[in-house]
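Quick note: the coordinates plus some simple rules give every number you see, no bench work behind them. All figures in this text were calculated on a predicted structure; none of them were measured in a lab. Note that we place each Cβ from the backbone using ideal geometry, even for glycine, and neighbour counts take in every protein chain shown.
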Amino acid sequence: MSENTNMNANAREEYLAKYDRGTHWIGRISTAVCIVLFLGAPFVIGLYIGAMPNLSAIAKGYLSVGLVWTVSSVVEFLVYTPMLGAGGGYLAFITGNLINMKIPCAMNAREIAGTKSGTSENEIISTLSIAASSLITIVVLALGVLLLIPLQPILQSETLKPAFANVVPALFGAMAYQYYRKNLKLALIPLVLMTLLYIFVPSLTSQTSLMILPSGAITIALAYLAWSKKKPGDAA
Amino acid sequence: MLEVLNSAPMYLICGLIILFVALVCVVFMVRAYKAGIAIGMDKKKLNYAVTSSITFSILPSIGILLGVIALSGSLGTPWPWLRLSVIGALHYETQVAEAAAEQVGIGQLSASVMTPQAFTTIALLMSLCIIWGMVLSLFFNKSYLKKLQGKKKDSGETAKKEGFGDAAMTAMFIGLVSAYMGSYIGGFVSGKGMFTFQGDYVPIIVAVVSALVMAVFTYFAEKKHMVWLESFSIAGSMLIGMLAAIVL
């Protein structure tokens with residue numbers, strides 16, 4: 001192991017290129033298998049319970065609700081893939097729950113490890129983080145399903161209800177502190193703009209996952225302005 | 001109907017798929033860990049990344065478990081268990097399942113009117129609508145990331161573009177967080193009519209409590225050099241934030 005830790009630049013480059021190829025290879029195969037499994041499962045279940053899916057209802061349902069999710073899938077892919085990297089990206093799209101868990105989880109791990117996006121270190125940390133997070137969800141759900149009968153009354157009790165209704169605000173509150181304190185000036189404008197938007201168009205509060213886009217775009221534009229001012233010599 | 005949906009073969013079908021996904025995660029994790037060691041990353045850093053992600057994910061996962069419980073009343077336990085263990089997201093599954101129930105003509109998502117065909121149709125629609133992230137990932141993850149990296153190299157000489165890639169990710173995340181924070185404030189101010197200040201204030205308080213606790217954690221981690229705290233700070237902040245919702 002010790003000769004590995006001191007590998008020279010060339011060997012490191014080569015190793016990482018090989019690692020990267022492997023990641024894409026395993027990522028693609030497992031994604032393809034999962035697509036087949038997820039789409040095949042309803043048919044296998046159909047064989048067991050004796051009724052196949054009604055394909056015309058599928059088509060109609062898809063047109064009514066599916067299109068919105070198709071658009072948001074494309075957007076999620078374009079926005080989150082660069083944040084997650086290769087390994088993290090494949091895993092996160094297989095295991096889901098991106099906005100409310102995987103993305104903040106990977107950002108937090110990255111913050112703790114202090115890695116920069118686009119580096120190999122970041123790719124590794126991000127993959128570790130998404131894999132660990134996915135496994136925890138799988139374990140918690142498996143235990144939960146196993147203990148469903150004794151757990152159900154506790155988890156659904158009136159006392160605990162408000163706590164679980166507020167998992168997301170609790171998550172983003174903590175993350176907001178972490179990110180706002182280092183970028184207070186940058187955060188102020190999107191926060192004020194988004195707040196005003198929701199105040200004047202209250203119906204948008206149910207569309208928060210879509211409102212991330214304009215909010216993110218404004219913040220990136222502001223960050224770009226601030227950053228190009230900082231180094232006026234380099235600005236094209 | 002619910003008996004069939006909760007029968008052993010259903011658990012077997014769904015459980016095997018979940019097991020496969022778990023194995024994929026383990027493979028990725030072991031590879032990444034080994035690669036990290038091989039290129040000389042600090043073992044501690046790698047361990048922190050894992051432990052922080054574990055503590056981070058417990059509470060949201062319990063939230064997701066509630067989704068399984070919520071859907072199990074109409075779809076049985078195994079299918080929601082599969083959907084939410086893998087690709088799904090809570091807000092998505094419920095919405096699509098309800099829309100699908102309408103399309104198959106049972107009107108509502110309820111065990112009393114569920115038929116075998118309604119179930120398989122709902123199940124397939126739930127899988128289908130959210131499959132596109134995976135499809136795109138399968139075909140374009142590699143070329144997309146390469147393209148981004150290529151861009152970076154073209155202008156890489158000036159180390160400047162590289163600087164912005166990182167700043168852009170941070171900015172995107174700040175935008176994301178701001179969209180949520182804004183929705184809590186907006187929801188309170190205008191949730192029950194514009195400027196009535198009658199809306200739900202609990203999310204704001206939860207977010208603020210959670211942020212304050214996070215500040216305390218950060219103080220101890222940075223000023224008192226209790227670095228190990230970082231792995232638990234988000235989970236701890238969330239827990240106390242959520243407790244505030246109970247007290248309110």
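Distance cut-off 29 Å, Cα to Cα: go down the list A:Lys229/B:Lys223; B:Lys34/B:Lys142; A:Lys116/B:Lys43 and report the pairs above it.
Violating the 29 Å Cα-Cα cut-off are A:Lys229/B:Lys223.
Would you work out the charge dipole size for the protein assembly as shown about its Cα centre, treating the Cβ of every Lys and Arg as +1 and the Cβ of every Asp and Glu as -1, and quote it to the nearest 20 debye?
The dipole of the protein assembly as shown has a size of about 1160 debye.
Tell me, what is the percent relative contact order of chain B, built from C-alpha pairs under 8 Å that lie six or more residues apart?
About 18 percent, as a whole number.
Quick one: what do you get for the range B:2-130 if you divide its Cα Rg by 2.2 N^0.38 Å?
1.31
Give me the net charge for the shell around B:Glu222: Cβ to Cβ below 14 angstrom, other residues only, Lys and Arg +1, Asp and Glu -1.
Charge balance in the 14 Å sphere: +2.
Calculate for chain B the 222 nm mean residue ellipticity that helices alone would give, adding -39,500 (n - 2.57) per DSSP H run of length 4 or more and normalising by residue count, nearest 500 deg cm²/dmol.
So the calculated ellipticity at 222 nm is -27500 deg cm²/dmol.
So what's the gap between the Cα centers of the range B:21-36 and the range B:65-82, to the nearest angstrom?
The range B:21-36 and the range B:65-82 have Cα centres separated by 28 Å.
Convert each backbone phi in the range A:145-152 into a coupling constant with the Karplus relation 6.51 cos²θ - 1.76 cosθ + 1.60 (shift: θ = phi - 60°), then list the ³J(HN,Hα) values in order as whole Hz, x for Gly and Pro.
Ordered by residue, 3J(HN,Hα) equals 5, 4, 9, 3, 5, x, 7, 3 Hz.
How large is log10 of I(q)/I(0) for the range A:11-105 at q = 0.12, 0.20 Å⁻¹ when the intensity is taken from the Debye formula with one equal scatterer per alpha-carbon?
Taking Cα atoms of the range A:11-105 as identical point scatterers yields -0.56, -1.11.
List residues of the range B:1-21, by number, whose backbone nitrogen lies under 15 Å from a label position 7 Å along Cα→C-beta of A:Ile149.
Label zone hits: B:3, B:6-8.
Using the alpha-carbon centroid of each, what span in Å lies between the range A:10-32 and the range A:85-160?
22 Å
Near B:Thr121, within a Cβ-to-Cβ distance under 14 Å, what is the net charge of the other residues, with Lys and Arg +1 and Asp and Glu -1?
Charge balance near B:Thr121 sits at -1.
Using only Cα atoms, what is the ratio of the radius of gyration of the protein assembly as shown to 2.2 N^0.38 Å?
So the protein assembly as shown has a normalised radius of gyration of 0.98.
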